[in-house]
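What follows is a set of notes on a single structure, which appears directly below.
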Amino acid sequence: MLAKVFSSALIGIDAILVDVEVDIAPGLPAFATVGLPDGAVKESKDRVKAALKNSGYDFPPRRITANLAPADIKKEGTAYDLPISIGILAATGVVKGPRVHDYILLGELSLDGGLKAIRGALSMAVAAKRAGLAGLILPAENAPEAAVVEGIDIIGATSLSQVVEFLSGRELIEPFRVDLPGLFSSNSEYGEDFSEVKGQEHAKRALEVAASGGHNILMIGPPGSGKTMIARRIPTILPQMSFDEAIETTKIFSVSGMLEKERALLAVRPFRSPHHTISDVGLIGGGTTPKPGEVSLAHNGVLFLDELPEFKKNVLEVLRQPIEDGKVTISRSLLSLTYPARVMLVAAMNPWRCVNLSLLARTKGYKRRQNEGNPRRHQSSRQVLSRLAA
């Protein structure tokens, strides 16, 4: 018995179609998942088995093979729980009807058969529309995010049994709809505004010129002069985001799992301010399971590096390609990922070098005066500095 359903996989911030083929053959009970799955996908067999039983369906005691094609692309995450479960039920004849091949299925299963949220729903909705399918069936929590893509049906479900009833034609679930103009308008308001900055006329004029041309800028000033306060308000004077920019930015946050539940669409320019202890991978992306870094999360917005001299040298060096090319390319043995990274780089630092030079000049003058008529003419600089501090 063989059944096939559709799912999706993420490659960078985009998604491709994945065929989930389930074969049930006679033999000793076994469950094998092939197609380059990662650890989370391999563990799905235990979640699928418990979810089927606790939802009132029989788990076939036979040899089950689930193939995720194309097999040369690594499959990551828990979104394959639902398509594998539906594939098993379709192979055993529980799920029948043409709807099985009209939708992309996505969702993580809890042991009681409930559906949990996944990452990258927006990118997968774009892939479903590009493939000409009717729509997506995914957890209800992800429905507002995926419904941003028009022209397809977004079916939000809460449990495995509800998905089975819908695919079998015994239950009707209305597609989730959103008011795109209203959603874009309501999410385009900033909590802060550049007009709140009082004084600092020269700094504000310089930032206005930099923002108008998309130039990078470095602010140097003593602590407490308002560098961070002004930097946080720079996105409010940048041009308003277009709908395409909002979709692209939302896809990055969705793939990273950082999209807020109440904000299905990011219509404000992002502001990211990583700590100076961040690693190069955290800044530009990558890792064992590649994810976008801070420079990609700031795409179409502002990347603020406070206390610039405190960042490690190798961290600052990896910023060269994103700043020049507007993208980050991460190469692995099996594939190469590209994340967008068009940002306005804003950095801030204290005038520590000028202070050191001034202190050094004072130290030399103090040492010269002390050495005149002093038998100990070779005092170390550390001793002089300790006297000044005292």
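Quick rundown of the values:
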{"quantity": "Qualifying positions in the range 139-151 - open to solvent by less than 20 Å² (accessible area, probe 1.4 Å) and touching a Phe, Trp or Tyr at 6+ places or on another chain (Cβ under 9 Å)", "calculated": "A143, A146, A147"}
{"quantity": "Pairs, first touching a residue at least 24 places away in the same chain (Cβ under 8 Å) in the range 239-260, second β-branched (V, I, T) and open to solvent by 40 Å² or more (accessible area, probe 1.4 Å), C-beta under 9 Å, six or more apart", "calculated": "I247/V126; K251/V126"}
{"quantity": "Leading residue by the ranking (most open to solvent (accessible area, probe 1.4 Å)) among those in the range 311-323 that are over 10 Å from I284 (Cβ atoms) and not in a helix (DSSP H, G or I)", "calculated": "K312"}
{"quantity": "Of all residues making up the range 283-310, the number that are in a loop (DSSP other than H, G, I, E, B), open to solvent by 10 Å² or more (accessible area, probe 1.4 Å) and modelled with pLDDT of 90 or more", "calculated": "3"}
{"quantity": "Matching entry among A90, A66, A50, A127 (being touching a residue at least 40 places away in the same chain (Cβ under 8 Å) and assigned to a strand (DSSP E or B))", "calculated": "A66"}
{"quantity": "Matching residues in the range 56-66 - criterion: being surrounded by 19 or more Cβ atoms within 10 Å (Cβ to Cβ) and in contact with a strand residue (DSSP E or B) (Cβ under 7 Å, 6 or more places away or on another chain)", "calculated": "I64, A66"}
{"quantity": "Count of residues meeting criterion [of a type outside the set (S, T, N, Q), open to solvent by 40 Å² or more (accessible area, probe 1.4 Å) and assigned to a helix (DSSP H, G or I)] in the range 197-220", "calculated": "7"}
{"quantity": "Residue in the range 85-101 that is in contact with a Pro (Cβ under 9 Å, 6 or more places away or on another chain) and open to solvent by 20 Å² or more (accessible area, probe 1.4 Å) present", "calculated": "yes"}
{"quantity": "Number of the exception - F194 against (1) open to solvent by less than 30 Å² (accessible area, probe 1.4 Å); (2) farther than 30 Å from L303 by Cβ", "calculated": "(2)"}
{"quantity": "Selected residue [loosely packed, with under 11 Cβ neighbours inside 10 Å and within 16 Å of L305 (Cα to Cα)] from P274, P270, P223", "calculated": "P223"}
{"quantity": "Extreme residue, nearest to the chain's Cα centre (by Cα), among residues of the range 162-182 that are in a helix (DSSP H, G or I) and within 24 Å of A91 (Cα to Cα)", "calculated": "V163"}
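The values are calculated or read from the model by the stated rules, or taken from the named source; none is laboratory data. Everything quoted here is computed from the prediction, not taken from an experiment. Counting neighbours? That spans all protein chains shown, and the Cβs are built from the backbone with ideal geometry, glycine included. Heavy atoms of the whole protein, side chains included, go into the accessibility calculation; ligands, DNA and RNA do not. Shrake-Rupley method; radii C 1.70, N 1.55, O 1.52, S 1.80 Å.
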